[in-house]
Amino acid sequence: MKNRWVYDKLYSQGATSLTDITTKIEGLNCSAGHALQQGLILGKTLASGSSIQEKALLDEGLRMLILHEVGHTLGLNHNMKASILWDEKDVHKKSLTKGILTGSVMDYTPANIAPIGITQGDYFQVKSGPYDLWAIEYGYSTALTDKIAEQQRLNKILSHSADKGLAFGNDADDMRPQVFILILEL
Ligand SMILES: [Zn+2]
């Protein structure tokens, strides 16, 4: 029901309506489902007469959303900087991406639709990104009993913070309005 409501508002009032919708729903702090809805609308709209496979689009989109929400249950924050993993050309190469389009499933990633003349790659992220695995390793790997040794172990994990794929920026660096506009202008 909520998705149909969002769908209607998107066409009648534009992307700015989404901010209004989310602030009216008590306790809702994640709009990944709304972002996915937009990506699916975009993909389905462009699918007519193209090589876009609607079933794969939906399948990959739902897998991405599930990964995102499970990430929240494990304590992960949004990571709005993760989409810098690939440049605009490499993001369409399945041989490189292998189901990982961003550094983290906690980003709000739009549908990855290839421009005309470029072979379609992954539509959505369907595997955990390097940032997710790194954050989970920090939070969930087995702790050492010795406090000094444990701190050294954690510091070693943290020392990778500047590695490729581990970029982090949460809701304080919010870029959602720009992302929505990008989707609508494609
Ligand atoms: Zn979220």
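Could you calculate the FRET efficiency of ILE157 with GLU69 from 1/(1 + (r/R0)^6), where r is the beta carbon distance between them and R0 is 25 Å, rounded to 0.05? The computed FRET efficiency comes out at 0.50. Restriction of the chymotrypsin sites (Phe, Trp or Tyr not before Pro) in the range 54-135 to DSSP coil positions whose beta-carbon has at most 13 other beta-carbons within 10 angstrom yields no sites. Computed from phi, the 3J(HN,Hα) profile of the range 89-104 under the Karplus parametrisation 6.51, -1.76, 1.60 (θ = phi - 60°) reads 8, 5, 5, 9, 9, 4, 5, 9, 6, 6, x, 10, 8, 9, x, 8 Hz, with x in place of Gly and Pro.
Values quoted throughout were computed directly from the atomic coordinates according to the rules given, and no laboratory measurement underlies them. Model, not experiment: these values are computed from the prediction. With ideal geometry, Cβ positions are generated from the backbone for all residues, glycine too; neighbour counts draw on all protein chains shown.
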